[in-house]
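Working notes for the structure below.
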Amino acid sequence: MISGYAGSGHGEEATTFFVDMVRSGVQPDDITFGAVLHACSSLAVLGHGSVHAFNDIFQKDLVPWNAMLFAFGLHGQATQALQVFKEMVENGVKPDSVTFIGLLMTCSHNGLIEESRMFMGFLLKWIKWHAWWICLAEAVT
(Lines give C-alpha, C1' and ligand atoms only; values in the text may rest on other atoms or scores of the structure.)
Protein backbone atom coordinates (compact mmCIF):
# COMPACT_ATOMS: atom_id res chain seq x y z
CA MET A 1 0.00 0.00 0.00
CA ILE A 2 2.76 2.42 0.97
CA SER A 3 4.67 1.77 -2.23
CA GLY A 4 1.52 2.21 -4.29
CA TYR A 5 0.67 5.51 -2.63
CA ALA A 6 4.24 6.79 -2.92
CA GLY A 7 4.59 5.72 -6.54
CA SER A 8 1.36 7.42 -7.56
CA GLY A 9 2.23 10.75 -5.99
CA HIS A 10 0.21 10.34 -2.79
CA GLY A 11 3.06 10.83 -0.35
CA GLU A 12 0.89 12.06 2.49
CA GLU A 13 -1.30 8.97 2.35
CA ALA A 14 1.82 6.78 2.22
CA THR A 15 3.35 8.36 5.30
CA THR A 16 0.04 8.26 7.19
CA PHE A 17 -0.37 4.58 6.36
CA PHE A 18 3.21 3.95 7.54
CA VAL A 19 2.65 5.72 10.86
CA ASP A 20 -0.58 3.79 11.42
CA MET A 21 1.18 0.55 10.55
CA VAL A 22 3.98 1.15 13.06
CA ARG A 23 1.55 2.27 15.76
CA SER A 24 -0.38 -0.96 15.33
CA GLY A 25 2.78 -2.93 16.05
CA VAL A 26 3.69 -4.07 12.54
CA GLN A 27 7.47 -4.09 12.05
CA PRO A 28 8.36 -2.49 8.67
CA ASP A 29 10.85 -4.21 6.40
CA ASP A 30 13.52 -2.65 4.15
CA ILE A 31 11.13 -2.40 1.19
CA THR A 32 8.64 -0.48 3.33
CA PHE A 33 11.35 1.89 4.53
CA GLY A 34 12.40 2.51 0.92
CA ALA A 35 8.81 3.33 -0.04
CA VAL A 36 8.46 5.71 2.91
CA LEU A 37 11.69 7.46 1.95
CA HIS A 38 10.33 7.89 -1.57
CA ALA A 39 7.11 9.33 -0.18
CA CYS A 40 8.98 11.72 2.12
CA SER A 41 11.16 12.96 -0.71
CA SER A 42 8.10 13.72 -2.83
CA LEU A 43 6.56 15.68 0.04
CA ALA A 44 9.61 17.76 0.91
CA VAL A 45 9.35 16.24 4.38
CA LEU A 46 13.02 15.56 4.65
CA GLY A 47 13.51 15.78 8.32
CA HIS A 48 14.23 13.61 11.27
CA GLY A 49 11.58 11.05 10.31
CA SER A 50 12.93 10.14 6.89
CA VAL A 51 16.54 10.14 8.07
CA HIS A 52 15.51 7.93 10.99
CA ALA A 53 13.67 5.58 8.63
CA PHE A 54 16.74 5.41 6.40
CA ASN A 55 19.03 4.68 9.35
CA ASP A 56 16.70 1.91 10.54
CA ILE A 57 17.13 -0.09 7.33
CA PHE A 58 19.46 -2.92 8.29
CA GLN A 59 20.73 -3.95 4.86
CA LYS A 60 20.41 -1.03 2.49
CA ASP A 61 20.36 -1.81 -1.20
CA LEU A 62 20.55 0.82 -3.91
CA VAL A 63 16.91 1.98 -3.61
CA PRO A 64 17.07 3.65 -0.17
CA TRP A 65 20.50 5.14 -0.90
CA ASN A 66 19.21 6.70 -4.12
CA ALA A 67 16.01 7.87 -2.39
CA MET A 68 17.98 9.72 0.27
CA LEU A 69 20.42 11.15 -2.26
CA PHE A 70 17.54 12.51 -4.36
CA ALA A 71 15.64 13.77 -1.33
CA PHE A 72 18.60 15.76 -0.02
CA GLY A 73 19.52 17.00 -3.49
CA LEU A 74 16.01 18.13 -4.37
CA HIS A 75 15.71 20.05 -1.12
CA GLY A 76 18.93 22.04 -1.41
CA GLN A 77 20.93 19.92 0.99
CA ALA A 78 23.85 19.16 -1.29
CA THR A 79 26.34 18.44 1.48
CA GLN A 80 24.08 15.74 2.89
CA ALA A 81 23.40 14.30 -0.59
CA LEU A 82 27.12 14.03 -1.32
CA GLN A 83 27.67 12.46 2.11
CA VAL A 84 25.01 9.85 1.33
CA PHE A 85 26.85 9.00 -1.89
CA LYS A 86 30.15 8.71 -0.05
CA GLU A 87 28.64 6.42 2.59
CA MET A 88 26.89 4.36 -0.07
CA VAL A 89 30.17 3.66 -1.86
CA GLU A 90 31.98 3.01 1.44
CA ASN A 91 29.29 0.42 2.26
CA GLY A 92 30.01 -1.42 -0.99
CA VAL A 93 26.84 -0.41 -2.83
CA LYS A 94 27.57 0.15 -6.51
CA PRO A 95 25.99 3.30 -7.98
CA ASP A 96 23.83 3.04 -11.07
CA SER A 97 22.70 5.55 -13.69
CA VAL A 98 19.92 6.75 -11.37
CA THR A 99 22.54 7.51 -8.71
CA PHE A 100 24.52 9.62 -11.15
CA ILE A 101 21.41 11.43 -12.32
CA GLY A 102 20.72 12.27 -8.68
CA LEU A 103 24.27 13.47 -8.16
CA LEU A 104 24.25 15.63 -11.28
CA MET A 105 20.81 17.00 -10.37
CA THR A 106 22.10 17.83 -6.89
CA CYS A 107 25.10 19.62 -8.33
CA SER A 108 22.95 21.47 -10.86
CA HIS A 109 20.39 22.65 -8.29
CA ASN A 110 23.08 23.76 -5.88
CA GLY A 111 25.62 25.37 -8.24
CA LEU A 112 28.32 22.77 -7.65
CA ILE A 113 30.21 23.04 -10.93
CA GLU A 114 33.42 21.29 -9.92
CA GLU A 115 31.57 18.45 -8.25
CA SER A 116 29.39 17.98 -11.34
CA ARG A 117 32.52 17.70 -13.48
CA MET A 118 33.92 15.11 -11.09
CA PHE A 119 30.72 13.04 -11.17
CA MET A 120 30.53 13.31 -14.93
CA GLY A 121 34.06 11.87 -15.01
CA PHE A 122 32.95 9.00 -12.77
CA LEU A 123 29.94 8.46 -15.00
CA LEU A 124 32.06 8.30 -18.13
CA LYS A 125 34.25 5.65 -16.50
CA TRP A 126 31.34 3.73 -15.04
CA ILE A 127 29.09 3.45 -18.08
CA LYS A 128 30.37 1.65 -21.10
CA TRP A 129 29.85 4.59 -23.41
CA HIS A 130 31.09 2.78 -26.49
CA ALA A 131 28.12 0.40 -26.27
CA TRP A 132 25.75 3.35 -25.96
CA TRP A 133 27.28 5.06 -28.99
CA ILE A 134 27.00 1.87 -31.05
CA CYS A 135 23.30 1.60 -30.18
CA LEU A 136 22.78 5.26 -31.01
CA ALA A 137 24.57 4.90 -34.34
CA GLU A 138 22.44 1.88 -35.23
CA ALA A 139 19.27 3.72 -34.28
CA VAL A 140 19.91 6.70 -36.54
CA THR A 141 21.14 4.78 -39.57
Fill in: Scan of segment 88-120 for residues that are over 11 Å from the mean Cα position of the chain (by Cα) and without any contact (Cβ under 8 Å) to a residue 12 or more places away in the chain, ordered by number
VAL89, GLU90, GLY92, SER108, GLY111, ILE113, GLU114, ARG117, MET118
Worksheet item: Taking interchain pairs and intrachain pairs at least six residues apart, which have beta carbon atoms under 8 angstrom, with the first residue in segment 49-67 and more than 19 Å from GLU12 (Cβ to Cβ) and the second modelled with pLDDT under 75 and in a loop (DSSP other than H, G, I, E, B)?
Response: none
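Residue by residue, here is whether (1) at pLDDT below 80; (2) on the phi < 0 side of the Ramachandran plot; (3) in contact with a helix residue (DSSP H, G or I) (Cβ under 8 Å, 6 or more places away or on another chain) holds:
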{"position": "MET68", "(1), (2), (3)": "no, yes, yes"}
{"position": "ALA71", "(1), (2), (3)": "no, yes, yes"}
{"position": "LEU74", "(1), (2), (3)": "yes, yes, yes"}
{"position": "LEU82", "(1), (2), (3)": "no, yes, yes"}
{"position": "VAL93", "(1), (2), (3)": "no, yes, yes"}
{"position": "PHE100", "(1), (2), (3)": "no, yes, yes"}
{"position": "LEU103", "(1), (2), (3)": "no, yes, yes"}
{"position": "LYS125", "(1), (2), (3)": "yes, yes, no"}
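The values are calculated or read from the model by the stated rules, or taken from the named source; none is laboratory data. All figures in this text were calculated on a predicted structure; none of them were measured in a lab. When we count neighbours, we look across all protein chains shown, and the Cβ atoms used for this are built from the backbone with ideal geometry, even at glycine.
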